[in-house]
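To start, the structure under review is shown below, and the notes come after it.
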Amino acid sequence: MESRKYPEPSVVREELIKKYPPKVAKKRGKAIVINDPETIPPVQANIRTIPGIISQRGCSYAGCKGVVLGPTRDIVNLVHGPIGCSFYAWLTRRNQTRPDGPDDKNYMTYCFSTDMQEEHVVFGGEKKLKEAIQEAYDIFRPKAIGIFSTCPVGLIGDDVHAVAREMKEKLGDCNIFGFSCEGYKGVSQSAGHHIANNQVFKHVVGLDDTDKGGKFKINMLGEYNIGGDAFEIERLLEKCGITMVASFSGNSTVNQFENSHTADLNVIMCHRSINYMAEMMETKYGIPWMKVNFIGAESSAKSLRRIARYFEDEELMAKVEQVIAEELPVVQSVINEIYPRTKGKLAMLFVGGSRAHHYQELFGELGMETISAGYEFGHRDDYEGRKVIPNIKVDADSKNIEELKVTADPEKFKPRKTEEELEKLKAEGLDIREYEGMMPDMKKGSIVIDDISHYESEKLIELYKPDIFCAGIKEKYVVQKMGVPLKQLHSYDYGGPYAGFKGAINFYRDIDRMVNSRVWKLIQAPWEETTELEANYVTQ
Amino acid sequence: MLLRHTTNKPVERHALTVNPAKTCQPIGAMYAALGIHGCLPHSHGSQGCCSYHRSTLTRHYKEPVMAATSSFTEGSSVFGGQANLVTAINNMFTIYEPDIIAVHSTCLSETIGDDLQQIVKKAKDDGKIPEGKHVIYAPTPSFVGSHVTGYANMVAAMADQFAESTGEKLDQINIVAGWMEPADMREIKRLSKSLGVTIRLFPDTSDVLDAPQTGKHVFYPKGGVTAEELKSTGDSKSTIALGCFSGEPGGIALDKKCKVPSKTEDIPVGLQATDRFLMALSKAAGVRIPEEISDERGRLVDLMTDMEQYFDGKRVALFGDPDDLIPLTEFLVDLNMKPVHIVSGTPGKRFEQRMREILKDSVPDANIKNGPQADMLLLHQWIKKEPVDLLIGNTYGKYIARDEDLPFVRYGFPIVDRVGHSYFPSVGYMGGLRLAEKILNVLMDRQDRDAPEESFELVM
């Protein structure tokens, strides 16, 4: 295959912002960076979106209710506000859940709302909220109710936390807590993740000290079980003899959260949405954390090895090697089959707060190059690595998101490893409490774009003509109308799982199908394909 | 069971809505605005609203849905969103170059009291609206009415802010499209053409939300009512507004502004609603209904007589939007079916009045509820208590259909798990044929599935 010629990155960067009004161009310019994995240039991220720019981003409520709390099946998630917010987050994220049996509670198919009306906006909605909680309790008997504030709630001053306290006391056997996740908080979904982490940590984690057994106990953080990813990861962990105490929050239950402080290690999939929880749990309970990535066969193998390495157990390490040896050959045989058809093709990924990084692994395994990528709601540390955290300027929009003051629990703090032990592991190459970010893994000259706008995506596609573009539902058909297949990396186009070894195979096959589908060659009608020769013939 | 906590005992509720049969105003305004040519809808609120509406519309249409947002932050929520909207207008005209921006509000901007009229005027005074370009606006507070109300408000805004009366009457009839699919709007145009009537249909999402795959993304597809056409609605002879919830306010706005008399008809779903629409149109334009249309009607009635036994007496549960449900229920009654449970989250007294009128002979004791707590939990509880043979509604019905093992026809908004609704009409006699066929298919598939081997029928 002849090698593709790409436009000069600096020219691309200019093209992307050329049409913008000067102020917009100046702001957007800082979010569009030509990568150098050696020096890692700074990227503007987690900054408010400019009004009138068509952005991929959603709101704080979406991050809080939709992303973090949505996947927990036995909590009634009651949305306090007008009907829309609850309606739009109703089953649209594909968080799979598997109740233990027919009597196990599962509210994920239900949508709960106070359906706030004008009178409540004028006179306050607390009374209606209390009644709604009572009705939800009477009908559904949940063990927990979460209350999610939408925009008007904060503005009219309804105190959802006070209502939660009052109703919790009144009902006695139902844990009730509120989330001040109004849509205008922060600059994206990211603020909502943080708010969700705080409240779950404050109101749920640590309530159940029962030791449920298991030799190697971990929590899986930031894995939301889209398309069954968490099932595949759990299958692998189980096979290795690793016990998952809690999943935050794919396929989870409230009791898993309550019991999660009994784990001995937190592993993080999506650093952006849940690193807060890991840090708070380490401070309060002494559980170290580590970044993992089960997207990509190599990464999955590496992640399993690193978990085993942390526990420093020869038997576990051997078991992990055995599992990898069992699983990898099948994966490799599929790669061997598909690779010739995907090699050299070009991908672009603009999605999420970790997926745009993780999925580059899978494309790499297919011989495809990621020429440009960026997050929808990432922060600088997700791009440049956690080392930049001390240098991140906290602006007015982020300052409003509460930072919990966490201290060691006088009774439950139990360091799983001493600082010396952790240092030793780090010295041996196990990067505890570390995340290097996306940019060190991307080539020099690739283009990193935070909070990409519609206009910039169209230009990028025009300039590079990628073979596949990865984003979400809002971008899906826009990009496909341009003749480029779009893989949704929020919903997986209703496929998956893509995590772990079996998931990798699913992904390879889907990408092979998408980039090689016949239909892209059928777009032009035959009568529009008239060659010059035929045209001459007609004129004669 | 997917809805394992739903029992057959309806519990009195006053505050809690569970599994709503409606959503909020702004999405309706966004959908309506997409039916204007060269228009970029704009959501004046937090960016989450715009993101959710675009996502939902995109899942329903599997088409690009372009719209922008004022991206409120906590600061703008405190100090007002004027600066955000003025900036947004400038950015949109510069970058995306629409002819028209259609701004709708949200619960956020309504709660803080942003005045769209004043902000748009400010943008104009500041020179942010280029010559020949337009910004229209509609207040769409999410805490009033439903998505249907938002649609109606944006449609009324189109009429009110574009229509002009020059004093000279044009030989044309306005048709205000209630909330319909692009295919339905296309069908209304075809029927009108067949009658030889020049119409001004607005909004019109055909050729916008059913755009062809050409390998090129056209930001503003060729469809949609143009600003010029909207302007000329003020000179039309009369208006037919389709749907008393989603269409009528557009007709009233025109009457108020330009004294164009408006008559409201049902969205022409099924036999009799189509009859009434066509007669209203022929009367308004002074034309005869051509034979080809009579033949279409005849084909629908033919199917109804041929297959009458399969419809007869079948009990149906329905949920959705008033303007869809009213004519559909009438059609089901004409098919000798029994609509027994009906809910719509959209409030408004006329819904129950019309339904009672339609059902007074066939199902006088039907369960009908709309407005607060008229949700799918209630519907499901009714079904559990008094079972039905068929469920009709949007995609969310599939959870009830699976749990109760019910034949299910998708109808309404949103349909996010099947295609066809945007391509094949439900209105007109052709639409009636399609609906009847869909209903028959699920009922007869069920009969085939459940039949004992000895009575498994070849010919039906």
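The values are calculated or read from the model by the stated rules, or taken from the named source; none is laboratory data. Model, not experiment: these values are computed from the prediction. When we count neighbours, we look across all protein chains shown, and the Cβ atoms used for this are built from the backbone with ideal geometry, even at glycine. Surface areas here come from the heavy atoms of the whole protein model, side chains and all, with no ligands, DNA or RNA. Shrake-Rupley method; radii C 1.70, N 1.55, O 1.52, S 1.80 Å.
Considering only segment B:233-275, state which residues are farther than 15 Å from B:Asp160 by Cβ and surrounded by fewer than 22 Cβ atoms within 10 Å (Cβ to Cβ).
Answer for segment B:233-275, where residues must be farther than 15 Å from B:Asp160 by Cβ and surrounded by fewer than 22 Cβ atoms within 10 Å (Cβ to Cβ): B:Asp235, B:Lys237, B:Ser238, B:Pro261, B:Lys263, B:Thr264, B:Leu271, B:Gln272, B:Asp275.
Being in contact with a Ser or Thr (Cβ under 6 Å, 6 or more places away or on another chain) and at the interface with chain B (Cβ under 7 Å from one of its Cβ atoms) is the filter here; which residues of segment A:110-136 pass it?
A:Cys111, A:Ser113, A:Asp115, A:Val121, A:Lys128, A:Ala132
Sort through B:Asp266, B:Asp255, B:Asp235 and tell me the only one that's within 19 Å of the chain's Cα centre (by Cα) and of a type in the set (Asp, Glu).
Just a single option satisfies the conditions, and that option is B:Asp266.
With the condition kept exactly as written, say whether any residue in segment A:152-160 is closer than 21 Å to A:Asp74 by Cβ, open to solvent by less than 30 Å² (accessible area, probe 1.4 Å) and either at pLDDT 95 or above or part of a loop (DSSP other than H, G, I, E, B) (or both).
yes
Pairs needed: first member in segment A:96-109, more than 8 Å from chain B (Cβ to nearest Cβ); second member anywhere, among the β-branched types (Val, Ile, Thr); C-beta distance under 6 Å; at least 6 residues apart or different chains.
Pairs that qualify, where the first residue is more than 8 Å from chain B (Cβ to nearest Cβ) and the partner is among the β-branched types (Val, Ile, Thr), are A:Met108/A:Thr97.
Within segment B:50-68, which residues are within 7 Å of another protein chain (Cβ to nearest Cβ) and without any contact (Cβ under 8 Å) to a residue 40 or more places away in the chain?
Within segment B:50-68, B:Ser51, B:Tyr52, B:Arg54, B:Ser55, B:Thr58, B:Ala68 meet the criteria.
Among the residues that make up segment A:44-64, is at least one of them over 27 Å from A:Asp441 (Cβ atoms), touching a residue at least 40 places away in the same chain (Cβ under 8 Å) and more than 8 Å from every other protein chain (Cβ to nearest Cβ)?
Checking segment A:44-64: at least one residue is over 27 Å from A:Asp441 (Cβ atoms), touching a residue at least 40 places away in the same chain (Cβ under 8 Å) and more than 8 Å from every other protein chain (Cβ to nearest Cβ).
Before we move on, is B:Asp204 part of a loop (DSSP other than H, G, I, E, B) and among the acidic types (Asp, Glu)?
Yes; evaluated as a whole, the condition is true for this residue.
For segment A:462-482, name all the residues that are facing another protein chain (nearest Cβ under 9 Å) and in contact with a Phe, Trp or Tyr (Cβ under 6 Å, 6 or more places away or on another chain).
Listed by number, the list holds a single entry, A:Val479.
Could you run through segment B:381-403 and say how many residues are more than 20 Å from B:Glu12 (Cβ to Cβ) and either assigned to a loop (DSSP other than H, G, I, E, B) or of a type outside the set (A, V, I, L, M) (or both)?
12
Would you mind stating whether A:Ile145 is open to solvent by less than 60 Å² (accessible area, probe 1.4 Å), within 14 Å of chain B (Cβ to nearest Cβ), of a type outside the set (D, E, K, R) and not in a helix (DSSP H, G or I)?
The answer is yes for A:Ile145.
Considering each of A:Leu316, A:Leu362, A:Leu349, A:Leu265 in turn, give the residue that is touching a helix residue (DSSP H, G or I) at 6+ places or on another chain (Cβ under 6 Å) and more than 21 Å from A:Met220 (Cα to Cα).
A:Leu349
Give me a count of the residues in segment A:227-245 that are under 17 Å from the mean Cα position of the chain (by Cα) and not in a helix (DSSP H, G or I).
Going through segment A:227-245 one residue at a time, the tally reaches 2.
Any residue at all in segment B:215-231 that is outside the structural domain of B:Ile36 (by TED's automatic domain parsing), touching a residue at least 60 places away in the same chain (Cβ under 8 Å) and part of a strand (DSSP E or B)?
Yes.
Can you tell me which residues in segment A:68-95 are open to solvent by less than 20 Å² (accessible area, probe 1.4 Å) and more than 9 Å from chain B (Cβ to nearest Cβ)?
Of everything in segment A:68-95, those that are open to solvent by less than 20 Å² (accessible area, probe 1.4 Å) and more than 9 Å from chain B (Cβ to nearest Cβ) turn out to be A:Val68, A:Leu69, A:Gly70, A:Pro71, A:Thr72, A:Arg73, A:Asp74, A:Ile75, A:Val76, A:Asn77, A:Val79, A:His80.
Looking at segment A:1-112, what helices (runs of 4 or more DSSP H) fall wholly within it and have at least 2 residues that are under 26 Å from the mean Cα position of the chain (by Cα)?
Hits in segment A:1-112: A:22-29, A:83-88.
Go through segment B:25-44 residue by residue and tally those that are open to solvent by less than 10 Å² (accessible area, probe 1.4 Å) and in a loop (DSSP other than H, G, I, E, B).
2
Criterion first (over 14 Å from B:Leu359 (Cβ atoms), assigned by TED's automatic domain parsing to the domain that holds B:Ala366 and either open to solvent by 30 Å² or more (accessible area, probe 1.4 Å) or of a type outside the set (Gly, Ala, Ser) (or both)) does B:Met307 satisfy it?
When the stated conditions are applied, B:Met307 passes them.
Given the structure, is A:Ile274 surrounded by 24 or more Cβ atoms within 10 Å (Cβ to Cβ) and over 24 Å from A:Leu91 (Cα atoms)?
Taking the combined requirement at face value, the residue does not satisfy it.
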